[in-house]
1. So E98 ticks every box in (1) under 21 Å from E43 (Cα atoms); (2) open to solvent by less than 40 Å² (accessible area, probe 1.4 Å) but one. Which box is left unticked?
2. Would you check if there is a residue in the range 202-213 being at pLDDT 60 or above, open to solvent by 20 Å² or more (accessible area, probe 1.4 Å) and of a type in the set (A, V, I, L, M)?
3. Considering only helices (runs of 4 or more DSSP H) fully contained in the range 83-185, which possess at least 1 residues that are in contact with a helix residue (DSSP H, G or I) (Cβ under 7 Å, 6 or more places away or on another chain) and at pLDDT below 95?
4. So, S72, is that one hydroxyl-bearing (S, T, Y), without any contact (Cβ under 8 Å) to a residue 60 or more places away in the chain and over 20 Å from P180 (Cβ atoms) or not?
5. For K187, state whether it is open to solvent by 30 Å² or more (accessible area, probe 1.4 Å) and not acidic (D, E).
6. Sort through G116, G42, G105, G128 and tell me the only one that's touching a residue at least 24 places away in the same chain (Cβ under 8 Å) and touching a strand residue (DSSP E or B) at 6+ places or on another chain (Cβ under 9 Å).
7. Among the residues of the range 56-69, write down those that are touching a residue at least 40 places away in the same chain (Cβ under 8 Å) and open to solvent by less than 70 Å² (accessible area, probe 1.4 Å).
Amino acid sequence: MHRMRVSGARQQHATSMRMSAGDRLALFDATGTLMYLKEPPGETYARFARDFAVSIDPNLDINQSFKRVISSLPPLDYSNLPEDEEKVLEMEKAWWKEAVSQVVGEEAAGSENFDGYFEALFHHFGKGTAWALYPEATTCLQELRERGWEVGILSNFDARLELILRDLKVTELASFMVLPKSARALKPQEEAFAAAVRAADEVWGGENQSSRMLRCLHVGDRTSSMQLILLPLLCLDLFVPFSLSPCCCSCA
């Protein structure tokens, strides 16, 4: 466990001038940054398998299988998805069904009960009851807002995140949420961050208000997101790779 202050280069800048609303934007990832699963996915997969009489190889390390599949399965190409949102949701669900089938193995995926098993898993992970916020998440978001930062959620999670964060009382602390289904892109693709900037512009009440942005943070738990410092349309000067477990917010 580690302790981290969300400050960095912007704190020095704040000592010389106070920034006004519209100058600062903090984009938060969700999974592994604000929230975490209450139990490892392998335990949930195994528990539901027993409930649905789906036989999983007892020698299979489901957690390791989950990590392997999620890291190797090609992501959904959101740039070529249909405009119909319902069809997009169906495609997101189909991607997860393929992922789960690979995680549990061919025998389990071929079970006559697999469809019901998957539906139950998909529904379970789409509710706030499966997740918990890191202890300092709410305080961190509140303090950022109190100090003049616009807070947004930018995540690669599917459409279920909206309900999850609503259950966890996080949506009321963020001005907007950008998901792949609306951005038509996944982080760290430039289009995903451009969509977040457009969302911030709408909050600030005008087109291209973000052009005067002085500070933009992306707070996440994956260093691959460092690629976004190459994004020219954001004045992004700091990436904060961390998980709120615990975190101390010290915001200028």
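The values are calculated or read from the model by the stated rules, or taken from the named source; none is laboratory data. Note that this is a predicted model, so its numbers are computed, not measured. Counting neighbours? That spans all protein chains shown, and the Cβs are built from the backbone with ideal geometry, glycine included. With ligands, DNA and RNA removed, areas are computed over all heavy atoms of the protein, side chains included. Shrake-Rupley method; radii C 1.70, N 1.55, O 1.52, S 1.80 Å.
1. (2)
2. Yes, there is a match, as at least one residue in the range 202-213 is at pLDDT 60 or above, open to solvent by 20 Å² or more (accessible area, probe 1.4 Å) and of a type in the set (A, V, I, L, M).
3. In the range 83-185, the matching helices (runs of 4 or more DSSP H) lie at 85-104, 137-146, 180-183.
4. No.
5. No: the conditions fail for K187.
6. None of the others qualify; the one that does is G128.
7. If the condition is that a residue be touching a residue at least 40 places away in the same chain (Cβ under 8 Å) and open to solvent by less than 70 Å² (accessible area, probe 1.4 Å), then I56, L60, I62, S65 are the ones that fit.
Here is a yes/no grid of residues against (1) in contact with an Asp or Glu (Cβ under 8 Å, 6 or more places away or on another chain); (2) among the aliphatic types (A, V, I, L, M); (3) surrounded by fewer than 17 Cβ atoms within 10 Å (Cβ to Cβ):
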site: E92; (1), (2), (3): yes, no, no
site: S111; (1), (2), (3): no, no, no
site: A120; (1), (2), (3): yes, yes, yes
site: Y134; (1), (2), (3): no, no, no
site: L141; (1), (2), (3): no, yes, no
site: E150; (1), (2), (3): no, no, no
site: I164; (1), (2), (3): no, yes, no
site: A174; (1), (2), (3): no, yes, no
